[in-house]
Amino acid sequence: MDYQQKEALRQKLTVGGVGFIAGAIAWWIVLASGLGWISPTTASQQTSDAVQAKVDKVLAPFCADRFMANKAALAKFTKASEDYDRNEVVQKTIGKIGSTKVDYQLSESCAQAVEARLKSAARKPAAPSTTKS
């Protein structure tokens, strides 16, 4: 094989390699965006996040019940100005619900439930006094 044939072969291989790589990238984009394909790792993470969200939704009322029973923690909660501070108060106060550790996501759900209960209690009219004058 002479020099010109080697150069022609090298150009063909270079063009073919670049075309192969470009085609693979294009196919990956089509799979990911057009057909909805995701990697197994991403699917696993999305499943885990969805399960955790459901668990938090179920445990939040129990967390709020336990939290509302602690008057000192409730006072700290109402004094806390930011959501982060409120979540931290919930995390430190509750710790665990059963075998589930109260993480940031669960404390956020619990804090929202506590806030909703506090707003609901504030809207209810006071019970009429039963003492007679």
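Laboratory data are not the source of any read-out in this text; all were calculated from the coordinates shown. Note that the coordinates shown come from a computational prediction; the quantities given were computed from them, not determined experimentally. As a convention, Cβ positions derive from the backbone with ideal geometry for all residues, glycine included, and neighbour counts pool all protein chains shown.
Okay, here's what the table says:
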| read-out | value |
| --- | --- |
| In segment 65-131, GluC sites (Glu not before Pro) in a DSSP loop with at most 14 other beta-carbon atoms within 10 Å | GLU82 |
| Integer Hz, Karplus 6.51/-1.76/1.60 couplings in order for segment 104-121, x for Gly and Pro | 4, 5, 5, 5, 5, 4, 5, 4, 5, 5, 5, 4, 4, 5, 5, 5, 5, 5 |
| Under the Karplus curve 6.51 cos²θ - 1.76 cosθ + 1.60, θ = phi - 60°, whole-Hz ³J(HN,Hα) for segment 25-41, x wherever Gly or Pro sits | 5, 4, 5, 4, 5, 4, 4, 6, 8, x, 9, x, 6, 10, 6, x, 5 |
| Added length on full extension, which subtracts the Cα-Cα distance from 0.36 nm per residue, ALA8 to VAL30 | 4.7 nm |
| For ILE97, distant residues with modelled amide H under 5 Å away | VAL102 |
| Calculated on alpha-carbon atoms, Rg and Dmax of segment 11-115 in Å | 23.5, 78 |
| Förster-model FRET efficiency, 25 Å R0, ILE21 and THR47, C-beta, rounded to 0.05 | 0.20 |
| Inter-centroid distance (Cα atoms) of segment 2-64 relative to segment 94-113, Å | 34 Å |
| Percentage relative contact order, the chain, counting C-alpha pairs under 8 Å, at least six apart | 21 percent |
| Full-extension gain in nm, ALA69 to VAL55, via 0.36 nm per residue minus C-alpha separation | 2.9 nm |
